[in-house]
Amino acid sequence: MSVSPADWSLTRAVRELTSGRITAETYARALLARCAEYRWLNAFVACDPSRVLEQARVADSAGPDTTRPLHGVPIAVKDNIDASGWNTTAGTPALRNNLAHFDAGAWSRLRDAGAILLGRTNMHELAYGITGDNHCFGPVPNPVAAGRLAGGSSSGSAAAVAASLAPAGLGTDTGGSVRIPAAHCGIIGFRPSTGRYPVDGVLRISHTRDTVGILARDVADLCLLDSVLAVETEASGSTDWGKPGTRFVVPSFPGNVDLDAELMTVFRRGLERLRRAGLVLIDSDHPPEVPELIDKTSFPISLAETPVNFRNYLAGMKYPVGLERLLASVADPEVRELLYPLLLEEPIGDSEYRRALDSLLPELDQLARHTLDRHGAVAYLVPTTVLGPPGTNTCREVSLNGRGVPTFSTYVRNTNLASLVGWPSVSIPVGKTVRGLPVGLQLDVPAGHDRQLLDLARRCSALLSGPSS
């Protein structure tokens, strides 16, 4: 049975395009046909087939170009990342007509490598949420879990990649916004070390925490895109990560306690497969200060930096909307409730913010590194989320083991640490529950070891997806 080009991995598409076995136009038509078939998914807020095909024909007229590693490949781009000639709405009403005149640094690097912009993907409004329920452009259903949402905030990019509307997508990650929807949609999501990818031309929440990230269906695709996007090189290190004897810390608290029962079964089954392959998994709690430090730094830093980042972005775009109008017109009542006080007061005092940034974050980073060093381990290993994909009626609370818990803080419980200390983090599929809900396994390593993490993810992914012994 033949496979549609739409189902190819990114690396497969690159091979076919650069060899001349398929034209960029033919490949683009296959993806656009899949986009039309899955229009109900609401993954895109803007997709212009004529513009995509025009760019594909330009690529074909130039002929296969091995010097441009993404020659003729359409990529999905989250709608808070600028692309010249496209509106950047960030999923909010006040920016519906916010036309970008320049490319964001991340998209510019992909475009220069030959990529074509397939479309602008839906997202949780202003990236301040993790379900993918957008009140301006509509929610993003989960393409692999009926009756569930895709997760967020990079919901559209995750759904598009999972449904093979695009071979890969760009998202952004503050506290888990790439890794959470990747886990919920059964694909791979990568957050690089903070500062590894350019962030100019992105409407960011926090300049301390935010980074552009990647969503794909194969770790090899992450490696290819990382080689194009990275602006910071890293020191060479061991290439033995993932071989038998490699040591991981599996933190029982807070990472691996109070999990959804079905999710826990899948996660533990994955751990057993890794153990049988010779990996050493060490159960060890985080130091008790770690959860407290996460609580004291997560929202204080984000809320202190959001007004600055939003104002700077709007000023740079020269768009006739100020911070006051932007926040006052937010469509999602939960996002509005969270952000509207920024108009009335400074929610985080400067001394509290400076203490979080200059004292508490370095302490958190040191404690996290110390636990790895103490056990001779290379990475933390946790379930990406403690619950499966959110339901379509998810609001402020979700049910976890029979009790109501806050939606946001519950879903970011295991993704928050890496984003605070600037570590690279990747979510890979580990399996599905008995109800068919995808489960993600997350690997976190200290900053600056991105390529080693990707190699580790490749090896673990092969062990988890291969035949069980």
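The values are calculated or read from the model by the stated rules, or taken from the named source; none is laboratory data. This is a predicted model, so every value here is computed, not measured. Cβ coordinates were reconstructed from backbone atoms using ideal geometry, including for glycine residues, and neighbour counts include every protein chain displayed. Protein only, heavy atoms only, side chains kept; ligands, DNA and RNA dropped before computing areas. Shrake-Rupley method; radii C 1.70, N 1.55, O 1.52, S 1.80 Å.
Overview of values
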quantity: Largest-first principal axis extents of the Cα set of region 16-66 (Å); calculated: 35, 18, 14
quantity: Spin-label zone in region 138-181 - amide nitrogen under 20 Å from a point set 7 Å from the Cα of residue 96 along the C-beta vector; calculated: 138-140
quantity: Relative contact order for region 61-186, counting Cα pairs under 8 Å that sit 6 or more residues apart, in percent; calculated: 24 percent
quantity: FRET efficiency, 1/(1 + (r/R0)^6) with R0 60 Å, evaluated for residue 67 and residue 400 via beta carbons; calculated: 0.75
quantity: Area accessible to solvent at residue 89, 1.4 Å probe radius, in Å²; calculated: 10 Å²
quantity: Cα-based shape type of region 182-228, given that a ≥ b ≥ c are square roots of the gyration tensor eigenvalues and the cut on a/c is 1.5; calculated: oblate
quantity: Two-decimal Rg to Rh for region 252-350 - Kirkwood Rh, Cα set; calculated: 1.20
quantity: Cα-derived Rg to Rh of region 328-403, Kirkwood definition; calculated: 1.11
quantity: Cut-off under 5 Å, modelled amide H: who pairs with residue 87 long-range; calculated: 100
quantity: Ranking by accessible area, most exposed first, for 260, 79 with a 1.4 Å probe; calculated: 260, 79
quantity: Value of relative contact order over region 116-246, rounded to a whole percent, pairs C-alpha under 8 Å and six or more apart; calculated: 19 percent
quantity: For region 122-207, fraction of C-alpha pairs farther apart than 21 Å, in %; calculated: 23 percent
quantity: Projected label distance in nm at residue 146 and residue 311, using a 7 Å step from Cα toward the beta-carbon; calculated: 5.1 nm
quantity: Cα shape, region 395-437, gyration tensor, a/c 1.5 rule; calculated: oblate
quantity: Quotient of C-alpha Rg and 2.2 N^0.38 Å, computed over region 1-128; calculated: 1.07
quantity: Order of exposure, largest accessible area first, which applies to 243, 432 with probe 1.4 Å; calculated: 432, 243
quantity: Cα pair distances in region 122-167, grouped into 10 Å bins until the bin that holds the longest one, percent each; calculated: 36, 54, 10
quantity: Average Cα contact separation per residue, the chain, under 8 Å, 6 or more apart, as relative contact order %; calculated: 17 percent
quantity: Semi-axes of the equivalent ellipsoid for the chain, Cα gyration tensor, largest first, Å; calculated: 31, 28, 21
quantity: Equivalent ellipsoid, region 76-184 (semi-axes from 5 times Cα gyration tensor eigenvalues, Å); calculated: 21, 16, 11
quantity: Gain on full stretching of the segment that runs from residue 36 to residue 331 - 0.36 nm per residue minus C-alpha separation; calculated: 103.5 nm
quantity: Heavy atoms of residue 232: accessible area, 1.4 Å probe, square angstrom to 10; calculated: 100 Å²
quantity: Residue 276 versus residue 84: modelled label distance in nm, points set 7 Å from Cα along the beta carbon direction; calculated: 5.4 nm
quantity: Heavy-atom accessible area per residue - region 307-385, 1.4 Å, Å²; calculated: 51 Å²
quantity: Dmax and Rg, reported as Rg then Dmax, of region 97-155 (C-alpha, Å); calculated: 14.0, 39
quantity: Computed lengthening from residue 359 to residue 340, 0.36 nm per intervening residue step minus Cα-Cα distance; calculated: 4.0 nm
quantity: Span per principal axis, largest first, for the Cα atoms of region 367-406 (Å); calculated: 43, 16, 16
quantity: Dimensionless Rg/Rh of region 381-464 - Kirkwood Rh, Rg from C-alpha atoms; calculated: 1.02
